[in-house]
Structures are given as structure tokens and as C-alpha cells.
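As C-alpha cells, the structure follows; a few thoughts come after it.
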Amino acid sequence: GSRLRGLLRAIRQAKELVAPFSPRDRAAVLTYDSHLRLHLDFTADFDAVRRILDESVLLRWPSPVEPGEPPSLAAHLDREEARAVASPEQALLALGRALLPIPGAKTVLLFGYGLGELRGGTVVLDRDYDAARAALDRARAAVFCLDVVDADWHSLEVGLQQVAEDTGGQYFKVHENAGAALERVAAALSGHYVLTF
């Protein structure tokens, strides 16, 4: 129940995050349940993004998405690999591989309720996690994890924290102070960085 409430709330939060995007920005929408599914290829049409979030993400499986204008995630996402994905870690691996040919740094916003599996009181990440982390690193993709669970603590948050730390992203519990968390994510998405030596 706490996961479902959090996922429903995440739709609204995702729409809030794309609201300030400019025509130079691009967003794609994917989900992972039993397979990795591409709902929308990279686009600057944020009305389409909001529509997909409202009408597709939690309600239906998407039809195959044909590649659009570059940059196109659909052009690089291996459909067979996406269909064969059997864990969130494998989904991140497929995503990292698909993002690699697309130039520039990328940000992955992962709305989820955990990563890994609880075994004997310890959270264990899937055997494909190291390959996924390496693929995301090569693709210059930072993962920002937005934990949707309505709980002060849960075991699988450890996996979300790990992927955020390993990829240069951040982890947020969005039920505690959603406004502050979303502001911090938005600031990271819109930031410009100057490195001075």
C-alpha cells in the first residue's frame, strides 16, 4: 500500500520536475515492472511527457516506440534485451547501454521503492549491478533516486542509496519533505558547473 501511494504521488512529482524545462531540454519516459518498457522517446514536447505520465506509466503497457529525431533513446535501446530484463539492476544495465551513444551528460530520475533483494537480513544487489554501474558511468549518466515509500526507513532503500552514490547522483525520500527534495533535484538538473583550479 505504501508503495502504491508513493508511485501515484510520484506521477505528480515527475510532472512538477519537468515543468521548468526549456525547449533545449529532452526527456524520455521508461518503466520497469517485469520488463523494461519505453513509453516515450527523448522529446522536448513536455505536454507529451505529462500526458504519458498521466495516461500510460501506471495504467498500460506501451506500444513499441519508433526512433525519433536524434537524440533518440529508442534508436539505441535493444528491444530484445529490454524484454528479457528480469531485475531493476538489469534494467539499469540496458538503460546505460542505450544511453552510451548519446553525447553529453545525462540524468536519470529513478522513482522507485527499492533496489536489491533482502537475503538473511542483508540487501544484496543483483549480479548485474556492477555492469550496470559501469555502463551508466561510461554513458555519463547520474542516477537521482526518489524513494516513493511512505516509511521513515525500509530495507531496500540501501540499494537506491548505493546506485545514487555510485553514479554521482543523490538519494531522496520524497514522503518526508517532498517540496525540499524536488527543489534539490530541480537545482541539480538545471545547474551549471564551473571548475576553477
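At a glance:
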read-out	value
Tensor-based shape of the chain (alpha-carbon gyration tensor, a/c under 1.5 rounded, otherwise prolate or oblate)	rounded
Whole-Å distance, taken between Cα centres, linking the range 64-119 and the range 142-171	17
Solvent exposure, largest accessible area first (probe 1.4 Å, DNA, RNA and ligands not counted), of 47, 41	47, 41
Average accessible surface area per residue within the range 27-111, 1.4 Å rolling probe, Å²	51
Peptides ranked, highest mean first, by Cβ atoms within 10 Å: ranges 137-147, 62-72	137-147, 62-72
Whole-percent carbon and sulfur share, accessible surface of the chain, 1.4 Å	52
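The values are calculated or read from the model by the stated rules, or taken from the named source; none is laboratory data. On a predicted model such as this, the values are computed, not experimentally measured, just so you know. With ideal geometry, Cβ positions are generated from the backbone for all residues, glycine too; neighbour counts draw on all protein chains shown. The accessibility values were calculated without ligands, DNA or RNA, using every heavy atom of the protein model including side chains. Shrake-Rupley method; radii C 1.70, N 1.55, O 1.52, S 1.80 Å.
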